[in-house]
Amino acid sequence: MDEVTHNDFSGPVTVFHERRLPERATPVGYAALIDAYHVLAPTPLWLSAVGKKHKLLEQDGWRLYTPRHAPPASLEGHLTFALKYEGLDLAVLHRLFMVVGPQPITELVRAQPTGAYARRLWFLYEWLQGERLDLPDSEGAPYVPVVDPKLQFEGAGELLPRYRVRNNLPGTREFCPLVFKSDRLNAFVELSLQQRAQDVVATVSKDVLSRAAAFLLLKDSKSSFAIEGERPPQERVQRWGRIIGEAGRSGLAVDELVRLQRIVIGDARFVHLGVRTEGGFVGEHDRDTMSPLPDHISAKPDDLTSLLHGLAAFDQDHTLDAVIAAASLAFGFVYIHPFEDGNGRLHRYLIHHVLAERGFNPPGVVFPVSAAILEHIDKYQVILESYSARLLPLIKWEATPKGNIRVLNDTADYYRYYDATLHAEFLFECVQQTIEQDLPREAEFLRRHDRFRTEVSNLVDMPDRLLDLLFNFLQQNQGALSKRALEKEFSALRQDEIQSIEEIYGRLFPRNEADIFDTTKL
């Protein structure tokens, strides 16, 4: 689209900011506002346009509306369209308000003092800009929600008489990601996964559940390090596992996050512990010049205190679904990247923190979410990049002599306000897998393992240590004892005993279920 001046809303196009439309159409709502006012904010994943056809179309990140949906070609018209059909994009609104200033919003409210959209925009301007408009308090109009609960998930809500609105934003001005009510998320919420987890646990004996929980906890700790490409010693894995097991017991104050970082890092001789005092990025360095090649740029050091306070405040409102809240908080943390190292593991710890804090997990059970993420690591990377890639072009930076980066423009609101819809969908997938597959699978494995030990003990009297070794040999050799095992550790077994033991294993762990119960891959 050709460059336009303020208030110049262009007509039909086939390409908008390098994004091709399904057909020639006129951008409306946030798309029109971003273009006309040169708004420097991450482009929404879904944009809107009005086409010539009299049917709605969703394709390639575009929602095409019919001619009857076309708003007036004005600031008010496109803002009203955005709030009515597209929900809230706080980053776009904040940057737009910075461009247009208070006068257009003030005039809009004066012209429509009882208008629902006008009052929502009035509140949003004062809330986002921290600036009180020269307007008297609203009187007589019915209260309206700031977040449209038909479009996006809402927070607890507080009645504000000045605007006659209910502030149901799920966070504060310092940190407030939003999540759209997509068909996938609505379906996930309806699954009642929390109750499913309770139902699974109810079928498992306390002894088996305790052992399964311990195994899954260790599995999650090991997987979290593996995601970072690390293979730490077992003692460090177990120590982090114990910390995960305590998730949800303490708040998210900065000193608590720093404590967790110390535990995660272990050897801190070459790592600055605590909140960053310099810039940060995720990426590589040019081999020849050592110049930074960032894939993601972290929040500026000067903004970290406010952002971390915002994270802690967001964690206090328990209105949101637990999985949606966990995704919003945890992915927000990793985008902010407040520490020099350890951010990825702490990001996944925060998922456990929110789920445990809100009683989503059955008592004593930690879902191995990191293991599920590791299984879908490519999709996890795509989800992370779904925002980082849109954020990167907006950040102005320069390289430092140490090969780091220094951010030159104001970027705080890019980390405060982001669309966490894709992140919530992904986390729901991982949680569903842990509840419907990982937990039942491990419990069933332990049941069969116990049965194996009992039946073999009834056949041959041997100590527990040898029983476990026997099982491991069978598991590693597809249910048959190897020549090496029969020549050494189990040379005393008779041929009929060998045959019976292999039959017991084969019945309890048939080959077509080998992958289900194979823990050697962990």
Does any residue of segment 222-241 turn out to be touching a helix residue (DSSP H, G or I) at 6+ places or on another chain (Cβ under 6 Å), over 27 Å from residue 381 (Cβ atoms) and β-branched (Val, Ile, Thr)?
no
Between residues in segment 3-21 that are under 15 Å from residue 38 (Cα atoms) and assigned by TED's automatic domain parsing to the domain that holds residue 64 and residues that are at pLDDT 55 or above and acidic (Asp, Glu), which pairs lie under 7 Å by C-beta distance while being six or more apart or on different chains?
4/35; 10/35
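Tell me which residues, restricted to segment 486-508, are over 49 Å from the mean Cα position of the chain (by Cα), surrounded by fewer than 14 Cβ atoms within 10 Å (Cβ to Cβ) and of a type in the set (Asp, Glu).
Of the residues in segment 486-508, the ones over 49 Å from the mean Cα position of the chain (by Cα) are 486-488, 490-500.
In the following step, the residues that additionally are surrounded by fewer than 14 Cβ atoms within 10 Å (Cβ to Cβ) were identified as 487-488, 491-492, 494-496, 499.
487, 496 - these are the residues of segment 486-508 that are over 49 Å from the mean Cα position of the chain (by Cα), surrounded by fewer than 14 Cβ atoms within 10 Å (Cβ to Cβ) and of a type in the set (Asp, Glu).
Being β-branched (Val, Ile, Thr), under 17 Å from residue 74 (Cβ atoms) and surrounded by fewer than 17 Cβ atoms within 10 Å (Cβ to Cβ) is the filter here, so list the residues in segment 95-139 that pass it.
99, 106
Can residue 45 be described as outside the structural domain of residue 155 (by TED's automatic domain parsing), hydrophobic (A, V, I, L, M, F, W, C), surrounded by fewer than 22 Cβ atoms within 10 Å (Cβ to Cβ) and farther than 24 Å from residue 420 by Cβ?
Values: outside the structural domain of residue 155 (by TED's automatic domain parsing): yes; hydrophobic (A, V, I, L, M, F, W, C): yes; surrounded by fewer than 22 Cβ atoms within 10 Å (Cβ to Cβ): yes; farther than 24 Å from residue 420 by Cβ: no.
No.
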Could you list, ordered by first residue, the pairs with Cβ atoms under 7 Å in which the first is in segment 188-217 and assigned by TED's automatic domain parsing to the domain that holds residue 367 and under 20 Å from residue 371 (Cβ atoms) and the second is among the acidic types (Asp, Glu) and buried (at least 19 other Cβ atoms within 10 Å of the Cβ), at least 6 apart or interchain?
212/442; 215/442; 216/438; 216/442
Hey, any hits in segment 21-39 for a residue that's acidic (Asp, Glu), buried (at least 22 other Cβ atoms within 10 Å of the Cβ) and not in a helix (DSSP H, G or I)?
no
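Restricting attention to segment 140-155, which residues are in contact with a Leu (Cβ under 7 Å, 6 or more places away or on another chain), surrounded by 16 or more Cβ atoms within 10 Å (Cβ to Cβ) and in a loop (DSSP other than H, G, I, E, B)?
Hits for segment 140-155 are 146, 147, 153, 155.
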Residue 411 passes all but one of (1) in the same structural domain as residue 196 (by TED's automatic domain parsing); (2) within 26 Å of residue 374 (Cβ to Cβ); (3) surrounded by fewer than 21 Cβ atoms within 10 Å (Cβ to Cβ); which number fails?
(2)
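Can you tell which of 313, 322, 327 is over 24 Å from residue 271 (Cβ atoms) and crowded, with 22+ Cβ neighbours inside 10 Å? Break it down stepwise before answering.
Numbers: 313 fails: crowded, with 22+ Cβ neighbours inside 10 Å; 322 fails: crowded, with 22+ Cβ neighbours inside 10 Å.
Matching residue, one of 313, 322, 327: 327.
Taking the residues in segment 171-224 that are of a type in the set (Val, Ile, Thr) and within 29 Å of residue 415 (Cβ to Cβ) as candidates, determine which candidate is surrounded by the fewest Cβ atoms within 10 Å (Cβ to Cβ). If you could, list the steps in order and put the result at the bottom.
As a first pass, look at segment 171-224 and keep what is of a type in the set (Val, Ile, Thr): 172, 179, 189, 200-201, 203-204, 208.
Add one more test, that the residue is within 29 Å of residue 415 (Cβ to Cβ), and what stays is 172, 179, 189.
Numbers: 172: 19, 179: 24, 189: 16.
Across segment 171-224, the extreme among qualifying residues is 189.
The values are calculated or read from the model by the stated rules, or taken from the named source; none is laboratory data. Since the structure is predicted, the reported quantities are computational estimates derived from the model, not experimental observations. We place every Cβ from the backbone using ideal geometry, glycine too, and count neighbours over all the protein chains shown.
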